[in-house]
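Below is one structure, written out as structure tokens; comments come after it.
The values are calculated or read from the model by the stated rules, or taken from the named source; none is laboratory data. Here the structure is a predicted model, which is why all the values come from computation and not from measurement. Counting neighbours? That spans all protein chains shown, and the Cβs are built from the backbone with ideal geometry, glycine included.
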Amino acid sequence: MDQGRFKSNCFDAVVEFVSSWKQGFLSGLICFDEERSPARFEIYEDAKEKYADFAFVQVHLSSPLSLKWKDVFEFRSPDGKILWGKGKVLDPFSQKTTRSKKKRRLAFLKQLLGSEKNMLFALVQFKGAKGLKEDEILRFCRLSESQMLRLAQELEAEAKAKILTFSPLFFLSQASFDFLCEKITAYLAVYHEKHPDERGVSRDKIQKRFGLPPRIFSLVMRYLEQEGRLREIDGRLALFDFNIFLSPQEEKILARLEDLCLKGEFQSVSMEVLQKTFRLSAKRLHTLLSILVERKKIVQGKDGFLLHSHWLEGIIEKIRNSRKKELTVSDFKEMTGLSRKYAIPLLELLDQMGITKRKGPVREIL
């Protein structure tokens with residue numbers, strides 16, 4: 001990356017004044033090694049102390065300069081003859097901040113006074129849920145890629161950060177990660193309360209709701225699932241202990257659906273027939289069938305046909321007890337009594353389950 005092509009006309013710094021100062025705004029000349037620019041200093045008022053000879057300041061430049069964290073400079077009178085103070089760049093790319101956010105800005109600047117690791121930790125904290133990217137670090141300071149990675153790994157070992165990718169480096173603070181976990185679970189709890197008859201929320205809806213980068217969203221979701229705090233059913237996310245409220249009548253319908261599936265083991269059960277039989281909307285029928293799938297009562301094939309789990313288990317047992325190494329479609333039709341119309345999608349389901357593996361015209365029994 002060409003680090004010199006990023007120039008700034010506003011930055012934050014800490015300045016030690018040579019002579020006393022009383023004004024909130026100072027105008028003069030700022031001088032780096034070989035670069036100079038007329039500048040105006042705005043002192044962060046909250047940082048003033050009665051007898052302090054230094055201050056945190058925001059510097060507004062007339063001409064943009066290439067700056068990095070902890071670059072040193074002199075602040076001189078407009079004609080350059082009188083030295084007013086010496087300073088260090090803290091944030092090379094400052095922005096106008098509101099009075100209410102100045103307290104947070106000052107806390108950030110104080111962290112930047114420390115070591116390289118403190119600086120990196122301050123940056124990743126300041127970025128929040130957006131995470132910190134390698135190119136952002138390179139624009140900010142003069143660390144090499146190996147230094148960045150080493151410091152990020154140290155922060156991760158200290159449980160202060162989570163690395164999402166190593167090359168290019170992309171990570172976020174542990175505090176932001178924990179905050180996201182709590183916000184997402186709280187959102188799901190409210191959603192379940194408002195929509196007790198729905199399975200949950202789609203991944204896309206949650207990601208858009210929180211505006212998260214895909215890698216951060218995937219990490220948070222994977223962590224919450226591994227921790228047993230949420231689960232995914234039929235493409236929707238829900239809190240792990242959430243259950244749809246079912247009326248006694250719907251519980252009876254579930255039992256009848258399971259029984260119908262068991263009795264119709266050698267034929268497809270169409271959704272249209274089920275809707276008419278039980279006078280259910282397509283959405284509610286889908287929800288009830290999802291509950292049976294979740295309870296491991298039935299298995300839904302890729303093409304929409306339904307199989308009772310007991311019958312499927314029997315088929316799997318027959319395959320494994322056949323002592324065959326390979327299985328043809330004809331063998332499978334004879335074993336199950338299914339026509340080719342249903343044998344093929346069922347074999348594809350067994351492939352997905354890891355029972356068989358397609359190998360040309362035959363299936364290898366795993």
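Quick one: residue 150 ticks every box in (1) free of Cβ contacts under 8 Å to residues at least 12 places away in the same chain; (2) in a loop (DSSP other than H, G, I, E, B); (3) charged (D, E, K, R) except a single one, so which number is it?
Status for residue 150: all satisfied but (2).
Out of curiosity, is residue 140 touching a residue at least 12 places away in the same chain (Cβ under 8 Å), farther than 26 Å from residue 104 by Cβ and out of contact with any Lys or Arg (no Cβ under 6 Å at 6 or more places or on another chain)? I'd like the intermediate steps shown before the answer.
Details: touching a residue at least 12 places away in the same chain (Cβ under 8 Å): yes; farther than 26 Å from residue 104 by Cβ: no; out of contact with any Lys or Arg (no Cβ under 6 Å at 6 or more places or on another chain): yes.
For residue 140, the condition - touching a residue at least 12 places away in the same chain (Cβ under 8 Å), farther than 26 Å from residue 104 by Cβ and out of contact with any Lys or Arg (no Cβ under 6 Å at 6 or more places or on another chain) - is not met.
Got a sec? Which of 102, 133 is in contact (Cβ under 8 Å) with a residue 40 or more places away in the chain and under 24 Å from residue 179 (Cα atoms)? Please lay out each step first, then the result.
Details: 133 fails: in contact (Cβ under 8 Å) with a residue 40 or more places away in the chain.
It is 102.
Looking at region 134-142, can you tell me whether even one residue there is buried (at least 16 other Cβ atoms within 10 Å of the Cβ) and within 18 Å of the chain's Cα centre (by Cα)?
Among the residues of region 134-142, at least one is buried (at least 16 other Cβ atoms within 10 Å of the Cβ) and within 18 Å of the chain's Cα centre (by Cα), which makes the answer yes.
Can you go through 121, 93, 108 and tell me which one is more than 16 Å from residue 152 (Cα to Cα), among the hydrophobic types (A, V, I, L, M, F, W, C) and not assigned by TED's automatic domain parsing to the domain that holds residue 68? Before the answer, list the steps.
Working: 121 fails: more than 16 Å from residue 152 (Cα to Cα); 93 fails: not assigned by TED's automatic domain parsing to the domain that holds residue 68.
Exactly one of 121, 93, 108 is more than 16 Å from residue 152 (Cα to Cα), among the hydrophobic types (A, V, I, L, M, F, W, C) and not assigned by TED's automatic domain parsing to the domain that holds residue 68, namely 108.
If we keep just the residues of region 159-180 that are in a helix (DSSP H, G or I) and surrounded by fewer than 17 Cβ atoms within 10 Å (Cβ to Cβ), which is farthest from the chain's Cα centre (by Cα)? Step through it out loud before you land on a result.
Quick first cut of region 159-180, residues in a helix (DSSP H, G or I) only: 174-180.
Still in the list and also surrounded by fewer than 17 Cβ atoms within 10 Å (Cβ to Cβ): 175, 178-179.
Details: 175: 14, 178: 11, 179: 12 Å.
Across region 159-180, the extreme among qualifying residues is 175.
Please determine whether any residue of region 12-20 is of a type in the set (A, V, I, L, M, F, W, C) and modelled with pLDDT under 85. Talk me through it step by step, then tell me what you get.
Initially, region 12-20 is screened for residues of a type in the set (A, V, I, L, M, F, W, C), giving 13-15, 17-18.
Those still in the list that are modelled with pLDDT under 85 too: 17-18.
Looking for residues that are of a type in the set (A, V, I, L, M, F, W, C) and modelled with pLDDT under 85, one finds at least one in region 12-20, hence yes.
Of the residues 347, 338, 312, which is aliphatic (A, V, I, L, M), at pLDDT 70 or above and touching a helix residue (DSSP H, G or I) at 6+ places or on another chain (Cβ under 7 Å)? Write out each step before concluding.
Working: 338 fails: at pLDDT 70 or above; 312 fails: touching a helix residue (DSSP H, G or I) at 6+ places or on another chain (Cβ under 7 Å).
From the options 347, 338, 312, the qualifying one is 347.
One line per residue, one yes/no per condition, for (1) crowded, with 16+ Cβ neighbours inside 10 Å; (2) over 28 Å from residue 220 (Cβ atoms); (3) in contact (Cβ under 8 Å) with a residue 40 or more places away in the chain:
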site	(1), (2), (3)
94	yes, yes, yes
107	no, no, no
113	no, yes, yes
122	yes, no, no
